[in-house]
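See structure below.
The values are calculated or read from the model by the stated rules, or taken from the named source; none is laboratory data. These numbers come from a predicted model, not from an experiment. Please note: Cβ atoms are built from the backbone with ideal geometry, for glycine as well, and neighbour counts cover all protein chains shown. Accessible surface areas use protein heavy atoms only, side chains included; no ligands, DNA or RNA. Shrake-Rupley method; radii C 1.70, N 1.55, O 1.52, S 1.80 Å.
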Amino acid sequence: QVQLVESGGGLVQPGGSLRLSCAAPGSILRIYTMRWYRQGPGAQRELVAAVTSGGSTNYADSVKGRFTISRDNAKNTVYLQMNNLKPEDTAVYYCNVQEVFGNYWGQGTQVTVSS
């Protein structure tokens, strides 16, 4: 069982910033691609960003230029820096890893963008 623990969500005004964190086991973080997903009200869960073990990244078109995913292997943590937030970014954000023995999710952290 792989435990992923997200933090950093909250309420922010449009145009504001938040940084989400996902604590993961170091043995997992150094080997596998880590992903952030989100699920908005009444919507399906969607991939937001991913970072490989080598540091390559990719993003959903809707967040390109505003969000940055990164990993700190020394702290066993993956981050999602979110800038210029919009109301449509409101969602529960989940950290995810797909490894040999399973597909694991964190408990999620709520991000609400509203004035």
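Values as computed for the structure displayed
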item: Residue selected from region 56-70 under the condition without any contact (Cβ under 8 Å) to a residue 12 or more places away in the chain and surrounded by 12 or more Cβ atoms within 10 Å (Cβ to Cβ), by the criterion nearest to residue 86 (Cα to Cα); result: 59
item: Subset of region 11-55 [open to solvent by less than 20 Å² (accessible area, probe 1.4 Å), assigned to a helix (DSSP H, G or I) and either in contact with a helix residue (DSSP H, G or I) (Cβ under 6 Å, 6 or more places away or on another chain) or small (Gly, Ala, Ser) (or both)]; result: 26
item: Flag for residue 73 being open to solvent by 50 Å² or more (accessible area, probe 1.4 Å) and modelled with pLDDT of 95 or more; result: no
item: Some residue of region 86-96 being open to solvent by 50 Å² or more (accessible area, probe 1.4 Å), assigned to a loop (DSSP other than H, G, I, E, B) and without any contact (Cβ under 8 Å) to a residue 60 or more places away in the chain; result: no
